[in-house]
Amino acid sequence: MNFIDESAKIGKNFKPSHNVVILGNVRIGNNVQVGNNIVIYANVRVGDDVQIQDNSVIGKLPKTSVISSLGKRKNISFTEIGDKVTIGTSCTIYAGTKIGKNCFVGDLASIREGCVIGDSTIVGRAVTMECNTKVGRCVKIQTASHITGNMVIEDYVFLGPEVATMNDKYMGRAGSSFKGPTIKKGARIGGNATILPGVVIGEDAVVGAGSVVTKDVPPSTIVVGVPAKALKTVPKEHLLRK
């Protein structure tokens with residue numbers, strides 16, 4: 001049995017499966033398909049030709065621990081899902097997040113509140129993305145990577161599987177500022193690499209698999225190791241701008 005609030009505005013050719021719940025002030029475009037056991041909370045905008053697969057939740061309000069330093073969230077804006085987006089099975093998209101057109105969000109992904117994801121970006125299976133992170137266009141984030149809060153990923157960045165990014169320099173002690181890394185346009189990060197808080201990865205730079213990056217990486221530079229050190233310059237034929 002489905003429940004659709006009377007205030008929801010539903011486009012043409014809407015195809016809900018079973019146990020779909022759509023709450024108030026929701027707008028859904030044309031040709032949208034939603035699977036079984038879907039919850040779409042209030043204040044959500046879904047574009048045309050979107051597919052939301054089984055057991056996913058859209059527009060979930062955040063809830064923090066009573067001892068969390070983040071405090072209570074205020075003034076959360078609309079959740080927006082762009083045209084031709086696919087959201088996989090068992091995903092959670094929190095309130096106030098904006099996902100651009102032609103994006104793909106893999107099964108089991110969790111995208112926290114206040115994130116912005118550009119057009120044609122892939123968020124892989126079981127990726128976790130923390131709050132207030134900005135992701136550009138045509139980015140590829142592979143399976144089980146952890147994208148920390150308050151970080152920036154620019155256009156055409158590639159992150160391999162299980163990349164870990166950090167934003168808390170003092171690991172919960174006084175003075176923490178929660179500043180995530182910045183990964184510049186066209187940079188590529190190998191699988192299982194770790195990027196520490198506040199680090200800037202330059203344009204077209206490459207971080208080798210398994211590296212731990214503790215300081216800024218210059219543009220078009222390959223770094224490897226623990227801690228990561230410069231190895232050589234990225235070949236010209238591999239540069240994005242070429």
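Bear in mind these aren't lab numbers, they're just calculated from the coordinates by the rules spelled out. Everything quoted here is computed from the prediction, not taken from an experiment. Here the Cβ positions follow ideal geometry from the backbone for every residue, glycine too, while neighbour counts run over all protein chains shown.
Can you tell me what the convex hull of the Cα atoms of segment 34-123 projects to on average, as an area in nm²? Please report the intermediate quantities before stating the final value.
Working: hull surface 22.3 nm².
With the hull built on Cα positions only, its mean projection is 5.6 nm².
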VAL217 long-range amide H proximity, modeled H, under 5 Å: VAL200, ILE201, GLY202
Label selected from [x] 121; [y] 112; [z] 161, the criterion being volume of the Cα convex hull per residue in Å³ as computed here: [y]
Most mobile listed residue (LEU231, LEU196, LEU108) in the chain, GNM with C-alpha springs under 10 Å: LEU231
³J(HN,Hα), Karplus 6.51/-1.76/1.60, whole Hz, each residue of segment 6-19, x for Gly, Pro: 5, 7, 5, 10, 10, x, 6, 6, 6, 10, x, 8, 9, 6
Zone of SER7's modelled label, taken as backbone nitrogen in segment 81-103 under 19 Å from a point 7 Å along Cα→Cβ: 81, 95-97
Span per principal axis, largest first, for the Cα atoms of segment 154-242 (Å): 46, 24, 22
Trypsin sites (Lys or Arg not before Pro) within segment 189-241: DSSP coil, no more than 14 neighbouring Cβ in 10 Å: LYS215, ARG241
Unit charges at the beta carbon, dipole of the chain: most positive-side option, GLY180, CYS103, ILE93: GLY180
Within segment 97-242: Cβ-based charge dipole about Cα centre, in debye rounded to nearest 20 (Lys, Arg +1; Asp, Glu -1): 280 debye
FRET E, pair LYS63, LYS140, Förster distance 41 Å, beta-carbon r, rounded to 0.05: 0.85
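Counting only C-alpha contacts under 8 Å and six or more residues apart, can you give the relative contact order of the chain as a whole percent? Please report the intermediate quantities before stating the final value.
Values: 818 pairs, mean separation 20.3, N = 242.
Relative contact order for the chain comes out at 8 percent.
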Filtered chymotrypsin sites (Phe, Trp or Tyr not before Pro), segment 152-213: DSSP coil and at most 12 other beta carbons within 10 Å: TYR170
For segment 86-95, Karplus couplings with θ = phi - 60° (6.51, -1.76, 1.60), whole Hz, Gly/Pro x: 10, 10, x, 6, 6, 8, 10, 10, 7, 4
Radius ratio Rg over Rh of segment 91-231, counting only Cα atoms, Kirkwood formula for Rh: 0.95
Gain in span if fully extended, ASP216 to THR128, counting 0.36 nm per residue against the direct Cα distance: 29.3 nm
Residues with amide H under 5 Å from that of ILE147, placed H, sequence gap 5 or more: THR128, MET129, GLU130
Gaussian network model of the chain, springs between alpha carbon atoms under 10 Å - residue of LYS169, LYS184, LYS140 with greatest fluctuation: LYS169
Choice from VAL127, VAL57, VAL226 with maximal GNM fluctuation in the chain (Cα, 10 Å cutoff): VAL226
